[in-house]
Structures are given as structure tokens and as C-alpha cells.
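Participant: Below: one structure in C-alpha cells.
The values are calculated or read from the model by the stated rules, or taken from the named source; none is laboratory data. No experiment lies behind these values; they were computed from the predicted model shown. Neighbour counts are summed over all protein chains in view; Cβ atoms, including those assigned to glycine, are modelled from backbone coordinates with ideal geometry.
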Amino acid sequence: MATYKQKLVASKIVENRGNISKSMLEAGYSPNTARNPKNLTNSCGWKELVNDKLSGETLVNAHRQLMKSSKLKDMSFPASLTDAEITGLLEPIGYKVQMINRLRTRAQVWLWEVDMQARAKALDMAYRLKSLYPERKTRNSHSSSSETLRIEIQDYASRPINNTQNIFHS
């Protein structure tokens with residue numbers, strides 16, 4: 001069972017943007033202990049707490065939302081291009097045109113762009129919290145670690161939720 005301090009760390013992680021060491025210090029852990037957050041994250045109480053707070057269904061829902069994460073961006077195109085030509089260039093590669101503002105010398109296009117950085121960061125944090133990454137033994141074990149991770153993710157992805165849904169499919 002998770003201790004009071006472990007629960008406090010978990011509640012502070014979001015406000016500290018995922019910084020576990022800082023959260024540990026704020027929860028009352030000593031600086032020496034906070035320098036090595038694995039002492040916390042490898043404990044049975046922490047793993048139980050993470051599994052309770054980040055259930056498979058919670059992670060799946062967050063992943064689905066994050067996998068649709070976008071940000072607004074603007075681009076300029078030559079004024080000679082028509083709206084249809086601009087849209088025809090952008091939509092096949094994943095951009096969603098919101099507005100085209102015609103200026104004298106150019107067309108300013110506002111569009112939705114996939115926010116890959118936000119998606120990657122959120123997924124990385126979730127996988128770390130769920131301990132889905134294999135531990136690295138040496139710097140030279142990268143290829144075998146990548147293969148192990150790929151296998152573990154495939155295994156995790158194949159686990160059913162509520163016996164009817166695959167976690168990565170709608």
C-alpha cells in the first residue's frame with residue numbers, strides 16, 4: 001500500500017511538470033533520496049499507486065486524446081494560388097485548413113498541424129510511469145532494448161480492456 005509521502009509525490013507530479021525529484025523534495029523526502037527517484041518508482045507502494053491512478057482505461061483515453069493533439073499554425077503562399085490549390089497541397093499531408101486570408105502579395109493560411117512533440121512527451125511520460133520501458137544495462141545495449149520495448153508495447157497493446165476493446169483502437 002502506498003505511503004502518505006508517495007501519495008503526496010503523485011499529487012505534485014503534475015504541478016511540477018513530471019519532475020519526480022522536485023516532487024519528492026516537496027513531499028518531504030531527503031535530498032539524497034530525491035536524487036535517486038528510482039528508489040521511489042521501483043517500490044511496491046508506488047507501483048500500486050500508479051496502477052490505481054493510471055488504469056489501463058485512463059491511459060487509453062489519454063492516449064486517444066493525445067494522439068489527436070494539434071496546434072494552430074500559419075503559412076504563407078503566393079497570392080497566385082487559389083484556395084482550392086492551397087487546400088489541395090496541404091490536406092493530403094495531414095493539415096486541416098481553417099482559414100485563408102488573402103493579402104495583396106500573399107495568401108496567409110491558418111491551419112491545424114499535428115502536435116507530435118506533445119504527443120511524444122505525453123506517451124513517454126505514461127510509459128515511464130507504467131514502467132513499460134526496459135531498464136538499460138549499458139549504453140551499447142540500445143538495439144536489444146529497442147527490440148524488447150517493441151515487444152513489450154505490442155504485448156501491452158494486445159491486452160483487452162473490458163474484454164471488448166484493444167487499447168490502441170477505437
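Participant: Cβ contacts < 7 Å: first residue touching a residue at least 60 places away in the same chain (Cβ under 8 Å), restricted to the range 1-30; second residue part of a helix (DSSP H, G or I), any location; separation 6+ or different chain. Result?
Facilitator: G18/M125
Participant: Then there's this: What residue, of S131, S146, is hydroxyl-bearing (S, T, Y), modelled with pLDDT under 70 and under 25 Å from the mean Cα position of the chain (by Cα)? Break it down into steps so the answer makes sense when it comes.
Facilitator: Details: S131 fails: modelled with pLDDT under 70.
It is S146.
Participant: Cβ contacts < 6 Å: first residue farther than 14 Å from Y133 by Cβ, restricted to the range 39-52; second residue small (G, A, S) and assigned to a helix (DSSP H, G or I), any location; separation 6+ or different chain. Result?
Facilitator: L49/A10
Participant: Pick from S76, S80: which is at pLDDT 80 or above and touching a Lys or Arg at 6+ places or on another chain (Cβ under 7 Å)?
Facilitator: So the residue among S76, S80 that is at pLDDT 80 or above and touching a Lys or Arg at 6+ places or on another chain (Cβ under 7 Å) is S76.
Participant: Moving on. From the set of residues in the range 11-29 that are of a type in the set (K, R) and surrounded by 14 or more Cβ atoms within 10 Å (Cβ to Cβ), which is modelled with the highest pLDDT?
Facilitator: K22
Participant: Could I ask something else about it? Considering only the range 48-60, I want to know if a residue exists there that is within 30 Å of T3 (Cβ to Cβ) and modelled with pLDDT of 85 or more. Reasoning before the result, please.
Facilitator: Kept after step one, since they are within 30 Å of T3 (Cβ to Cβ), are these residues of the range 48-60: 48-60.
Among the residues that remain, those that are also modelled with pLDDT of 85 or more are: 48-49.
Within the range 48-60 (the criterion being within 30 Å of T3 (Cβ to Cβ) and modelled with pLDDT of 85 or more), the answer is yes, since at least one residue qualifies.
Participant: A further question on this structure: Could you tell me whether M24 is out of contact with any His (no Cβ under 7 Å at 6 or more places or on another chain), more than 19 Å from Y127 (Cα to Cα) and in a helix (DSSP H, G or I)?
Facilitator: For M24, the condition - out of contact with any His (no Cβ under 7 Å at 6 or more places or on another chain), more than 19 Å from Y127 (Cα to Cα) and in a helix (DSSP H, G or I) - is met.
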